[in-house]
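Okay, so here's the structure we're looking at.
The values are calculated or read from the model by the stated rules, or taken from the named source; none is laboratory data. All of these numbers come straight from a predicted model, not from anything done at the bench. Glycine gets a Cβ as well: all are built from the backbone with ideal geometry, and neighbour counts include every protein chain shown.
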Amino acid sequence: MVNSSGNAGLSKSLILKGMQCPKALYLAKNPPAFELPLQPDLEEKFRFGNEVGLLAQQLFPGGTEVPFHGLSVSQQVEQTRQLMDAGVQVIYEASFAFDGIFVKVDILVREAKGGNGAWQIHEVKMGTATKEVNLDDVAIQYYVLSNCGLAISSAYLVHINNQYVRHGEIDVQQLFASDDVTAEALERQIGLLELIAGQRQTLGGNEPQVEIGPHCKAPYECDYIPYCWQHIPKNSVFDLKGRGINKFDYYNRGLIKFEDLSLDQLNAAQRGQVEATLNQQDTINLDGIKAFLDTLWYPICHLDFETFDTPIPPFDGNRPYQKIPFQYSLHIQQSAGAEPVHTEYLVEPGHDPRRELAERLLAEIPEDACVLTYNQTFEKGVLRNLAELFPDLAAALLARVENVRDLMVPFRKRDLYRWQMRGSYSIKAVLPALVPDLSYDGMDVADGMAAMRAYHEMCALVDPVALAELRRGLLEYCRLDTLAMVRILGELERLEVSGS
C-alpha cells in the first residue's frame, strides 16, 4: 500500500545531502542571505542525466511514466498507486511517500504478472560505475517502498558502460550495465531510521555549526561552498598547489594564511609559491628557458582544440564520454617574432566534425612544422584518437603528433615563475602574469567548460542571430588561446635575447 501520510519535508536528495553535511541540509531548506553564484555546469549535468534516464527506459519498454511537472506530490503518489492496482508491469518515475519522505524510482518493474508479484528497483545513473553514494540512494528508495508495503525482490544500479562503441542506432542493452545492489541496500537499512530522525532534528533547530572539511567536496561538491568558505582569506593554505600536507589539519590548527606556515614542512614547489607571494618575487632560469627554446623550430603552428563529451555517444565509432574535437585555432609563425597567420575551424551544428576537422588540420599544418600546444597530453590525445578513427589519415596525423611540443614545460619546471601565478602553470595563470594586456576577463566564453556548454547550446539553437553570436564567442575564445601562446613564446624569446 502506498502511504502518503506522515511528516513532510524530506526527499531522497535532501537525505543524501544531509548525509554529506547536516549544514548543507539545513541551508537547502533555509537558504542563507547570501548570493550564491550560478552553476551552469550543474544545470548541464542535470540535462544529461535526464537524457540518460529517458534512454534507460528502453531497457524495459512499454512502461507508463508518472510525470513530475504539473502534479503535486500527493497526485504523483496517487497516480502510482492507480497504475500498480491496474496491473501495470513497468512504471517510470514511480512515486512514493512514507513518513513524509518522498522518492521517485527511475524504473519500477513488476517481477511476475498478475498483480501480486514482487517489484524490482532500477536506479539509473550517468556515471560509469556504482559508487558508495549510489548505494545510499538505492537504500533510501528501498526503505520508503518497503514501508509502503511493497515486496522488493531486488534492487539494481544501472550505469553507463564506457566500453561500448556506437555503430548505428544506440544499443541500450550494450550502452548500460546493471549491478545488483540488493544486499548493499538491505545492509544500509540498519541505522537509516535513526539517521532520518537526526536530520529532522537538524531541520528543527538553528543553522548547524559545521566546520569546513573534506566533506565539502565529497562525494559531491557542495552548493554552499561560497557561503561556508567566505572566511578563508586570499593566499591561504588551500591555495597551495600540489599535495604533501594535510591542508585541513593546518586549518584546524589555525595555520591558514601563508604567513602562518612553516616553510620547512612544505615541498619545494609550495615553498617557492609561499616565498614568491610573500616577497612578490619572480624566478628566472635562463639556461632552462634556452634549453626549452632549443627544442622548437620554425615554422611553429600554435594549436588549441576545444572538445565535448557526452554520456550517450552521438556518432558512430564513439564511446561514452570520449572527447570529440569540434573546434580548433591555429596561429602559424614562419620565423621568430613574425606576425602569425591565423586559421580556425568550428563545426556547423548537428554534424560529426571529426573527418572534416582532421582533413582541414592536415591541410593547414605543414608536415615538418613544429606543433606547439599548451598541455600536450590533451592535443596529442585528440590527434591519436583521430588517427585511430581514420586509418587512411593515421600516418599524417601521427607525424604531427611526433612534432608536438609543450609550451607549459618551462612554467611547470619553474624556469620562469611570476609570483602573480599563485603556484599555477596553467595558461590562465601564466598569460596575465606575462602579457597583462591580454585577458580572458569579460569574454562570453572564457574557459574549456564554458566552450563545451556553448557547443551543446549551439546544437540546440534555431535562432540564427543567437547562433551567430554564440559562434562568435566560441571563435573569439579559441583564438585567444593560441594568440596567448604566440605572445607567451615571444616573452620567452625576449628573455633569452635580453638575458633577464
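Data for the structure
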{"quantity": "Meets criteria (crowded, with 18+ Cβ neighbours inside 10 Å and part of a strand (DSSP E or B)) for A97", "calculated": "yes"}
{"quantity": "For L398: the one exception among (1) buried (at least 17 other Cβ atoms within 10 Å of the Cβ); (2) aliphatic (A, V, I, L, M); (3) farther than 18 Å from H331 by Cα", "calculated": "(1)"}
{"quantity": "Residue check, V404 over 26 Å from the mean Cα position of the chain (by Cα) and among the aliphatic types (A, V, I, L, M)", "calculated": "yes"}
{"quantity": "I284 vs. criteria of a type in the set (A, V, I, L, M) and either closer than 28 Å to D415 by Cα or buried (at least 17 other Cβ atoms within 10 Å of the Cβ) (or both)", "calculated": "yes"}
{"quantity": "Complete set of residues in segment 417-432 that are of a type in the set (D, E, K, R) and part of a loop (DSSP other than H, G, I, E, B)", "calculated": "R418, R422"}
{"quantity": "Residue match in segment 116-132 (condition: in a helix (DSSP H, G or I), at pLDDT 95 or above and within 19 Å of K17 (Cα to Cα))", "calculated": "yes"}
{"quantity": "Extreme residue, nearest to I289 (Cα to Cα), among residues of segment 402-425 that are free of Cβ contacts under 8 Å to residues at least 24 places away in the same chain and not charged (D, E, K, R)", "calculated": "F411"}
{"quantity": "Test: residue in segment 433-452 that is part of a helix (DSSP H, G or I) and over 22 Å from the mean Cα position of the chain (by Cα)", "calculated": "yes"}
{"quantity": "Considering residues of segment 297-317 that are crowded, with 16+ Cβ neighbours inside 10 Å and hydrophobic (A, V, I, L, M, F, W, C) only, the residue farthest from E388 (Cα to Cα)", "calculated": "I300"}
{"quantity": "F292, sole failed condition from (1) part of a helix (DSSP H, G or I); (2) within 30 Å of E496 (Cα to Cα); (3) not assigned by TED's automatic domain parsing to the domain that holds H342; (4) not basic (K, R)", "calculated": "(3)"}
{"quantity": "Options D264, D249; residue that is modelled with pLDDT of 95 or more and of a type in the set (D, E)", "calculated": "D249"}
{"quantity": "Residue match in segment 189-200 (condition: of a type in the set (S, T, N, Q) and assigned by TED's automatic domain parsing to the domain that holds L16)", "calculated": "yes"}
{"quantity": "One residue from L474, L470, L383 being in contact (Cβ under 8 Å) with a residue 40 or more places away in the chain and either touching a strand residue (DSSP E or B) at 6+ places or on another chain (Cβ under 6 Å) or surrounded by 17 or more Cβ atoms within 10 Å (Cβ to Cβ) (or both)", "calculated": "L474"}
{"quantity": "Output for segment 246-274, where each listed residue is under 20 Å from Y417 (Cβ atoms) and touching a residue at least 24 places away in the same chain (Cβ under 8 Å)", "calculated": "L261, L266, N267, A269, Q270, G272, Q273, V274"}
{"quantity": "Residue list for segment 245-259, restricted to those being closer than 19 Å to G213 by Cα and loosely packed, with under 14 Cβ neighbours inside 10 Å", "calculated": "N246, D249, N252, R253, G254"}
{"quantity": "Among the residues listed as A336, A358, the single one being assigned by TED's automatic domain parsing to the domain that holds L483, touching a residue at least 12 places away in the same chain (Cβ under 8 Å) and more than 24 Å from L474 (Cα to Cα)", "calculated": "A336"}
{"quantity": "Matching residues, segment 74-113, being polar (S, T, N, Q) and without any contact (Cβ under 8 Å) to a residue 40 or more places away in the chain", "calculated": "Q75, Q76, Q79, Q82, Q89, S95"}
{"quantity": "So E457, is it touching a Leu at 6+ places or on another chain (Cβ under 8 Å), of a type in the set (D, E), touching a residue at least 40 places away in the same chain (Cβ under 8 Å) and not assigned by TED's automatic domain parsing to the domain that holds F46", "calculated": "no"}
{"quantity": "Residue among Q39, Q58 that is at pLDDT 95 or above and either closer than 22 Å to L10 by Cα or assigned by TED's automatic domain parsing to the domain that holds I15 (or both)", "calculated": "Q58"}
{"quantity": "Hits in segment 318-342 (condition: farther than 29 Å from Q163 by Cα and surrounded by fewer than 17 Cβ atoms within 10 Å (Cβ to Cβ))", "calculated": "Q334, S335, A336, G337, A338, E339, V341, H342"}
{"quantity": "Residue identified as in a loop (DSSP other than H, G, I, E, B), at pLDDT 95 or above and over 21 Å from I300 (Cβ atoms) among D352, D392", "calculated": "D352"}
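Residue by residue, here is whether (1) among the basic types (K, R); (2) surrounded by 15 or more Cβ atoms within 10 Å (Cβ to Cβ); (3) under 14 Å from I312 (Cβ atoms) holds:
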residue: E35; (1), (2), (3): no, no, no
residue: L54; (1), (2), (3): no, no, yes
residue: T64; (1), (2), (3): no, yes, no
residue: G70; (1), (2), (3): no, no, no
